[in-house]
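Here the structure is laid out as structure tokens; the discussion comes afterwards.
The values are calculated or read from the model by the stated rules, or taken from the named source; none is laboratory data. Just so we're clear, the structure is a prediction, and the values are computed from it rather than from any experiment. Reconstructed Cβ throughout: ideal geometry from the backbone, glycine too, with neighbour counts over all protein chains shown.
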């Protein structure tokens, strides 16, 4: 009870702090998203994440500690380790790469099946929606079978990390999340 009061008091006067795990297949745009959120601009020379990157980003009253975890097959087993202490899991999908949607769905289902991740809110982002041939937000919800997930809060947004589009909607959603007691 005292911890809940302290968290409420801190958020009221000092803002909110969230620990976020960003996961998804390679080339989905996780690092681009983190960099765009941090600097407000797109950097052309983003290299693939090997292992993980950590970045602290403040947007308004929300301080986000972001774990950007590599999406190559060899790093996917580590996703659970980074996600278990997170307040929210952000799963980034390349909305233009329809050939990898089945693999993305399988990896998401495997990830959220871990008992240690039970109840952690999930935000699925369809990145690159500014490009021709990408799927819509509703198609992403259907393709990723998000309506079947019942054990946690789930949201989905189409974004463009490169163009910094719809990031504000994602941030509004994140700012409304309750931090889990640690």
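Structural remarks
- Enumeration of residues in the stretch 74-109 that are without any contact (Cβ under 8 Å) to a residue 24 or more places away in the chain and over 20 Å from residue 160 (Cα atoms): 74, 77, 81, 102, 106
- Residues within the stretch 141-163 that are more than 15 Å from the chain's Cα centre (by Cα) and in contact (Cβ under 8 Å) with a residue 40 or more places away in the chain, tallied: 4
- Scanning the stretch 159-170 for residues that are in contact with a strand residue (DSSP E or B) (Cβ under 8 Å, 6 or more places away or on another chain) and under 21 Å from residue 44 (Cα atoms) turns up 159, 160, 161, 166.
- If the condition is being without any contact (Cβ under 8 Å) to a residue 60 or more places away in the chain and assigned to a helix (DSSP H, G or I), then the stretch 15-31 contributes only 31.
- Taken over the stretch 47-80, residues that are over 20 Å from residue 156 (Cα atoms), in a helix (DSSP H, G or I) and either in contact with a strand residue (DSSP E or B) (Cβ under 7 Å, 6 or more places away or on another chain) or at pLDDT below 90 (or both) amount to 5.
- Meets criteria (touching a helix residue (DSSP H, G or I) at 6+ places or on another chain (Cβ under 6 Å), part of a helix (DSSP H, G or I) and either more than 19 Å from residue 156 (Cα to Cα) or modelled with pLDDT under 85 (or both)) for residue 8: no
- Where residue 174 falls short, out of the listed (1) surrounded by 15 or more Cβ atoms within 10 Å (Cβ to Cβ); (2) at pLDDT below 95; (3) farther than 14 Å from residue 91 by Cα: (3)
- Where residue 145 falls short, out of the listed (1) surrounded by fewer than 16 Cβ atoms within 10 Å (Cβ to Cβ); (2) farther than 20 Å from residue 23 by Cβ: (2)
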